[in-house]
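Readers should treat all values here as calculations from the given coordinates under stated rules, not as data from a laboratory. Fair warning: this is a prediction, and the values are worked out from it, not measured in the lab. When we count neighbours, we look across all protein chains shown, and the Cβ atoms used for this are built from the backbone with ideal geometry, even at glycine.
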Amino acid sequence: MGRMTVDPNDTHAVYERQAKAYDEQRSRALFEARWLARFTASLKPGDHVLDLGCGTGEPIARWFKAEGFTVTGVDFSEAMLEIAHSRWPDGDWRQADMRNFELDQSFDGIVAWNSFFHLTADEQKDCIARMARHLRKGGMLMLTVGPSAGEEQGTVGGEPVYHASLSPADYATCLEENGMIMTGFLAKDPETQSHTVLMARKN
């Protein structure tokens with residue numbers, strides 16, 4: 001793998017600039033539905049889900065709302081949140097960075113779909129600890145990650161963005177250190193547009 005030329009600290013500015021383009025290009029096909037159903041199998045309607053890196057609310061937050069869950073959406077991009085708020089003016093949309101968010105409540109489930117992997121490896125470990133603190137006992141966690149350890153360059157609206165991942169074993173260890181257990185891991189799931197999906201439960 002070549003030397004990274006993209007700075008992880010540029011991600012915020014890219015999403016601010018590309019919010020409209022990202023929203024227009026974001027698939028609404030709900031290829032995530034099978035994983036969302038697995039994630040919510042132990043939850044019940046009305047349970048409180050944190051959508052961490054919610055973007056414009058499409059399609060993840062919309063799915064949870066349609067299924068009867070209470071949703072709090074957190075994103076660091078004002079431009080993305082403005083679009084979400086325009087769709088659901090009464091929604092619980094909050095601006096915060098997943099690297100240092102502190103919400104004075106716990107959740108039944110936390111989803112970070114296509115957001116968590118923008119953090120560096122060390123930031124991801126810190127974020128897992130932070131997410132664990134925000135989960136109730138028995139609560140569920142679902143993340144999209146990389147299939148193996150390393151750094152890569154992705155794109156948002158044609159602009160380069162930073163991606164990183166731990167190894168599956170390191171994720172399992174980090175989860176265990178924070179009172180969670182990995183319950184699912186599938187690398188490059190062909191039914192999910194080759195996303196790598198991790199699921200865990202808080203003990």
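Here's the list of aspartates and glutamates a cross-link from LYS202 could span, going by alpha-carbon distance under 15 Å and ignoring same-chain residues fewer than 8 apart: ASP108, GLU176, GLU177.
For the range 93-167, what's the relative contact order in percent, using C-alpha pairs closer than 8 Å and at least 6 residues apart? Before the final figure, lay out the partial values.
Working: 106 pairs, mean separation 26.0, N = 75.
Normalised by residue count, the contact order of the range 93-167 is 35 percent.
If packing is taken as the average count of other Cβ atoms within 10 Å, what order do 23-33, 63-73 fall into, highest mean first? Mind showing how you got there, number by number?
Details: 23-33: 13.0, 63-73: 18.6.
The densest-packed peptide leads the list: 63-73, 23-33.
When the Cα positions of ALA33, TRP113, GLY55 are compared along the charge dipole of the range 8-202, ALA33 comes out farthest toward the positive end, with charges on each C-beta of Lys, Arg, Asp and Glu. Each helix, a run of at least 4 DSSP H residues, gives -39500 (n - 2.57); summed and divided by the residues of the chain, these come to -9000 deg cm²/dmol at 222 nm. Rounded to the nearest 20 debye, the dipole size of the range 8-202 about its Cα centre is 680 debye, using +1 on the Cβ of Lys and Arg and -1 on the Cβ of Asp and Glu.
Using the Cβ atoms and a cut-off under 9 Å, what net charge is assigned to the surroundings of TYR162, where Lys and Arg are +1 and Asp and Glu are -1?
Details: positive: none; negative: ASP7, ASP10, GLU151, GLU152.
Here the charged neighbours net out to -4.
With contacts taken as Cα pairs under 8 Å at a separation of at least 6 residues, the chain carries a relative contact order of 20 percent.
Note on the chain: antiparallel DSSP beta bridges, both residues inside, total approximately 55 percent of the bridges counted. Think of the chain as having a plus end and a minus end, set by charges on the Cβ of Lys, Arg, Asp and Glu; of VAL74, VAL14, PHE64, PHE64 sits farthest toward the positive end of this dipole.
Per-residue counts of other Cβ atoms within 10 Å, averaged by peptide: what ranking do you get for 144-150, 127-133, 86-92, 49-55, highest first?
By packing density, highest mean first, the sequence is 49-55, 127-133, 144-150, 86-92.
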